[in-house]
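So the structure is just underneath, and the comments pick up after that.
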Amino acid sequence: MSLAELQHLTADRRGKPRLRSEERKEQRKLRRVSERDNKAAAIFLLPWLIGLVGLTVGPMLVSLYLAFTDYNLLQDADFTGFDNIVKMINDERLHQSLGVTFAYVLIGVPLQLVVALALAMILDRGMRGLSFYRSALYLPSLLGGSVAIAVLWRVIFGDDGLFNGLLAFFGVTGQNWISNPDTALGTIILLHIWQFGSPMVIFLAGLRQIPRHYYEAASIDGASAWRQFRSVTLPLLSPIVFFNLVLGIINAFQSFTQAFIVSGGTGGPADSTLFYTLYLYQEGFGSFLMGYASSLAWLLLVIIGAFTAVNFWAAKYWVFYDD
């Protein structure tokens, strides 16, 4: 072996321990930085975790226990097993509230999405003052869930309300739409449809993401406007429709303020506006049957979960994704 080869081998052998030592130092430094970052992340997440446990998970577990008890807020909870479930099976007002709520969801949500999509397509044509129109049409969604708008809605459809005044202008005699069991629910559904702002903005964002060359190719092939909507717009917008549909159903099942204000908290007339959440409120805070109200709350959770699961299962048959 030559002298140069021997020197190179010696330098290489001496350099390896030094290199390994530097690597270990660098690894320890990175480990300390990672531990410090993890501690900082834990500190910042701590308030959220406390809120999650104290305001969400904890009350849910307590509610689950109370669902199997007889509890009136004034005395200790008395465990009764499945008595509340048996009571729900035989509760006629519960069945009425389910019918009202299902009608509200199955009619109000699709109509709201249709109106929102129609307005989004109009705004997508690039009209002047788009920001103003978008904000103006979104405004009902900001105000629709408030007590003031619900009170205003009750006045509009009253005996001397604006709606009857409009009908009188055309020579039609109106009525008190709120106090009529055949029309009371319809007025609340109309209020729900009027709150189309959020899905409209989401639809508008989705329409802006559809490539224009699809429409150009369809026009060259002679496709009409309806054909383009059915074969281009709807398939490419189906994930947005699915998103709005799931959120709309969940929010509709939890509607409370409108029915409470419009019906005066009674669900009348003749329980025609007795929403599920309103009946739950009456049982829990009106009759002080908090155990039964807890079981109703968990039933609502199961119903919403079932509707959501069915939507996700059916999505594979009509929701189109590019990938």
**Prompt:** What residue, among those in region 16-72 that are of a type in the set (Ser, Thr, Tyr) and farther than 29 Å from LEU289 by Cα, is farthest from the chain's Cα centre (by Cα)?
**Reply:** SER21
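One line per residue, one yes/no per condition, for (1) among the polar types (S, T, N, Q); (2) outside the structural domain of LEU130 (by TED's automatic domain parsing); (3) closer than 30 Å to VAL151 by Cβ; (4) surrounded by fewer than 17 Cβ atoms within 10 Å (Cβ to Cβ):
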site: ILE188; (1), (2), (3), (4): no, no, yes, no
site: ILE193; (1), (2), (3), (4): no, no, yes, no
site: PRO199; (1), (2), (3), (4): no, no, yes, no
site: GLY206; (1), (2), (3), (4): no, no, no, no
site: PRO211; (1), (2), (3), (4): no, no, no, yes
site: GLY222; (1), (2), (3), (4): no, no, no, yes
site: ARG230; (1), (2), (3), (4): no, no, no, yes
site: THR233; (1), (2), (3), (4): yes, no, no, no
site: LEU236; (1), (2), (3), (4): no, no, no, no
**Message:** Give all pairs with beta carbons closer than 7 Å in which a residue from region 166-177 that is part of a helix (DSSP H, G or I) meets a residue that is of a type in the set (A, V, I, L, M, F, W, C) and surrounded by 12 or more Cβ atoms within 10 Å (Cβ to Cβ); count only pairs at least 6 apart in sequence or on separate chains.
**Reply:** none
**Request:** Please verify whether region 262-283 includes one or more residues that are buried (at least 18 other Cβ atoms within 10 Å of the Cβ), at pLDDT below 95, over 25 Å from GLN195 (Cα atoms) and touching a Phe, Trp or Tyr at 6+ places or on another chain (Cβ under 6 Å).
**Result:** yes
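I'd like to check something: does region 309-321 contain any residue that is over 30 Å from GLY161 (Cβ atoms), buried (at least 19 other Cβ atoms within 10 Å of the Cβ) and without any contact (Cβ under 8 Å) to a residue 60 or more places away in the chain?
Restricting attention to region 309-321, the residues satisfying the condition of being over 30 Å from GLY161 (Cβ atoms) are 309-321.
Applying the additional criterion that residues be buried (at least 19 other Cβ atoms within 10 Å of the Cβ) yields none.
No, every residue in region 309-321 fails to be over 30 Å from GLY161 (Cβ atoms), buried (at least 19 other Cβ atoms within 10 Å of the Cβ) and without any contact (Cβ under 8 Å) to a residue 60 or more places away in the chain.
Quick check on my filter: what residues within region 89-105 are over 20 Å from ILE250 (Cβ atoms), surrounded by 13 or more Cβ atoms within 10 Å (Cβ to Cβ) and without any contact (Cβ under 8 Å) to a residue 24 or more places away in the chain? Let's see the steps before the verdict.
Here is the first cut: in region 89-105, the ones over 20 Å from ILE250 (Cβ atoms) are 89-96.
Restricting the remaining residues to those that are surrounded by 13 or more Cβ atoms within 10 Å (Cβ to Cβ) gives 91, 93-94, 96.
Hit for region 89-105 is ASP91, nothing else.
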**Request:** Name the residue, out of LEU113, LEU119, LEU123, that is buried (at least 16 other Cβ atoms within 10 Å of the Cβ), over 30 Å from TYR65 (Cβ atoms), in contact (Cβ under 8 Å) with a residue 60 or more places away in the chain and touching a Pro at 6+ places or on another chain (Cβ under 8 Å).
**Result:** LEU113
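I want to confirm something. Restricting to region 137-181 and keeping residues that are among the charged types (D, E, K, R) and within 19 Å of THR273 (Cβ to Cβ), which single residue is surrounded by the fewest Cβ atoms within 10 Å (Cβ to Cβ)? Show your work before the answer.
Going through region 137-181, the residues among the charged types (D, E, K, R) turn out to be 154, 159-160.
The next check asks that each one be within 19 Å of THR273 (Cβ to Cβ); those that pass are 154, 159.
Numbers: ARG154: 19, ASP159: 11.
Within region 137-181, the match that is surrounded by the fewest Cβ atoms within 10 Å (Cβ to Cβ) is ASP159.
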**Prompt:** Does any residue in region 214-227 that is free of Cβ contacts under 8 Å to residues at least 24 places away in the same chain come within less than 8 Å, Cβ to Cβ, of a residue that is surrounded by 13 or more Cβ atoms within 10 Å (Cβ to Cβ) and among the hydroxyl-bearing types (Ser, Thr, Tyr) six or more places away or on a different chain, and which pairs are these?
**Reply:** ALA218/SER231; ALA223/SER231
**Asked** Which members of region 73-83 meet the condition of being in a loop (DSSP other than H, G, I, E, B) and either exposed (fewer than 15 other Cβ atoms within 10 Å of the Cβ) or aromatic (Phe, Trp, Tyr) (or both)?
**Response** LEU73, LEU74, GLN75, ASP76, GLY81, PHE82
**Request:** Take LEU113 and decide whether it is among the aliphatic types (A, V, I, L, M) and under 18 Å from the mean Cα position of the chain (by Cα).
**Result:** yes
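The values are calculated or read from the model by the stated rules, or taken from the named source; none is laboratory data. Bear in mind the structure is a predicted one, so any value in this text is a computation, not a measurement. Cβ sites come from the backbone with ideal geometry, for glycine too, and all protein chains shown count toward neighbours.
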